[in-house]
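Contents: one structure, followed by commentary.
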Amino acid sequence: MAFDISTIFTKDITYNQSRDKYGVSTLSISLKNQNTSGPFFLEQLREYVKAQGITLKTDTYNSYISFYLLPRLNTGVNGFDRSDLSAPNDAYLITHRVSVADLIQSQEGSDEYAAFNVSGLPSEGIYKCAFELVSDGVDTDTNWFAPDTDITLAGSNVPVPTGINLSVTEVGDSVQVNINTINTSNTNDFILELVDDTLLNMPEFNYEDYIVKTSEFTVSPDSPTVFTYNPHVEGLRKYVNYSVRIRARKIDPDNSSSVSVAAPGTVEPFVLPWLTDFVDQTVIKGKQIEDSLVAGVANELANTAQTRTELKDALNTGAYSLVAEKMYELTRDVAVTKFRNTANEFDNIREQLRTIALYSNIDPEYTVQIDLTNDDKFTAFNNITKQGFTGGVGTRYFTWLNKAFYLGPVAEGGVILERKFEISVRGDVYRDRAEMIFS
């Protein structure tokens, strides 16, 4: 017998709306139980999976309710059904995940469920919502539920911003985001949202998780609009992909905002500059000087007269600290040049490791296959991570930013593949553990 969520909830819901200082809306939504005396959703689901011999994981990675919000005009004549999730509606669809563990009775004696919040919504509009159960390992044939209630967002209708053109420029250890053009026929007021791109692309995380910084700006023909981000002032982190989204805003007659949009095709997610600092801290001070780097320094000395002259002058002064400084600068410059060609591979590997680490916080048993057969990827992984040793023998443990990653073997046709691994997180690396296991 299938598990049918439509038999559990009533066809009406309770919701409340609030707006932040930028006019971005949040909905607080609560479902009601058909049977006022219970049992409630989670109780029934647990009984079902128990009968099926399935272990239920109650988190938003494994078992959750997908919540869909779509403008009423975009739903079909028979109400919101699953076919409405397809194009062209996907441009208007808002999705959210709710852990099944959160769908519990709000308080004793109540037929309502504990409320959950959906944030980052525009102002003004009439929406329909639907719920779909996704349960790890659970066969739920009838898992769609669409309430009758209209959800009305207050505020003024603000058209989506158009004509956006952005450019990103690295200046030292900072990144400058320049608003080159934007259509001001509807409004001169806009909101820039700096987004953690990794979390944005992980549906387990919500608006509050992936929004890093929100800034207001007014477009003026007399002055360019430039935002500067660096890890020292803004509290941003290196090795994290950031992207930019824009909302249009109307302050009068009330504080309202549009949906947020990415500037189409004008700028990719950016990472704060890391290459020079990586070379200083990891390659040189971290003593990861390879033969190829030494050969590059030697080649630079042999082929560049100015470099030889500067080093000779330093030697002639007898100030060996100056000689060391010249050699340090030369080594750094050669290393930066060497790694610049593969910087994208470093970013890609870090993005993979960060995603794995984030998912491991949700599901400790999470694993994913990582392919390091490409030489540049293999080099990037070995430079980013630090291998663990026990008794002087290398292990399958590698650290990156305080996480211990385990590289399990991958076999095909009874043969262990080289440079392909099943990677998982085995915990945090504390100081005593790092000194004991990792050289």
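The values are calculated or read from the model by the stated rules, or taken from the named source; none is laboratory data. No experiment lies behind these values; they were computed from the predicted model shown. Quick reminder, even Gly has a Cβ in these numbers, built from the backbone with ideal geometry, and neighbours come from all protein chains shown. With ligands, DNA and RNA removed, areas are computed over all heavy atoms of the protein, side chains included. Shrake-Rupley method; radii C 1.70, N 1.55, O 1.52, S 1.80 Å.
Things worth noting here:
- Filter result for the condition that a residue is in a helix (DSSP H, G or I) and more than 30 Å from Phe378 (Cα to Cα), over Leu330, Leu301, Leu293, Leu315: Leu315
- Condition met for Ile370 (within 17 Å of Ile356 (Cα to Cα) and either out of contact with any Ser or Thr (no Cβ under 7 Å at 6 or more places or on another chain) or modelled with pLDDT of 90 or more (or both)): yes
- If only residues of the stretch 193-239 that are over 23 Å from Asn178 (Cβ atoms) and charged (D, E, K, R) are counted, the one that is least open to solvent (accessible area, probe 1.4 Å) is Glu204.
- Taking the criterion of being open to solvent by 30 Å² or more (accessible area, probe 1.4 Å) and touching an Asp or Glu at 6+ places or on another chain (Cβ under 9 Å), the residues of the stretch 382-416 that qualify are Asn402, Lys403, Tyr406, Pro409.
- The residues on offer are Ser185, Ser215, and the sole one that is touching a Leu at 6+ places or on another chain (Cβ under 6 Å) and either of a type in the set (Phe, Trp, Tyr) or under 18 Å from Val160 (Cα atoms) (or both) is Ser215.
- Complete set of residues in the stretch 254-288 that are open to solvent by 40 Å² or more (accessible area, probe 1.4 Å), part of a loop (DSSP other than H, G, I, E, B) and among the hydrophobic types (A, V, I, L, M, F, W, C): Val259, Val267
- Test: Gly23 is over 30 Å from Ser260 (Cβ atoms), touching a strand residue (DSSP E or B) at 6+ places or on another chain (Cβ under 8 Å) and assigned to a loop (DSSP other than H, G, I, E, B): no
- For the stretch 254-310, filtering for residues that are modelled with pLDDT under 85 and either over 19 Å from Met327 (Cα atoms) or in contact with a Gly (Cβ under 7 Å, 6 or more places away or on another chain) (or both) leaves 6.
- Any hit, the stretch 356-370, residues being among the acidic types (Asp, Glu) and touching a helix residue (DSSP H, G or I) at 6+ places or on another chain (Cβ under 9 Å): no
- Looking across the stretch 25-66 at every residue that is of a type in the set (Gly, Ala, Ser) and without any contact (Cβ under 8 Å) to a residue 24 or more places away in the chain, the one that is most open to solvent (accessible area, probe 1.4 Å) is identified as Ser37.
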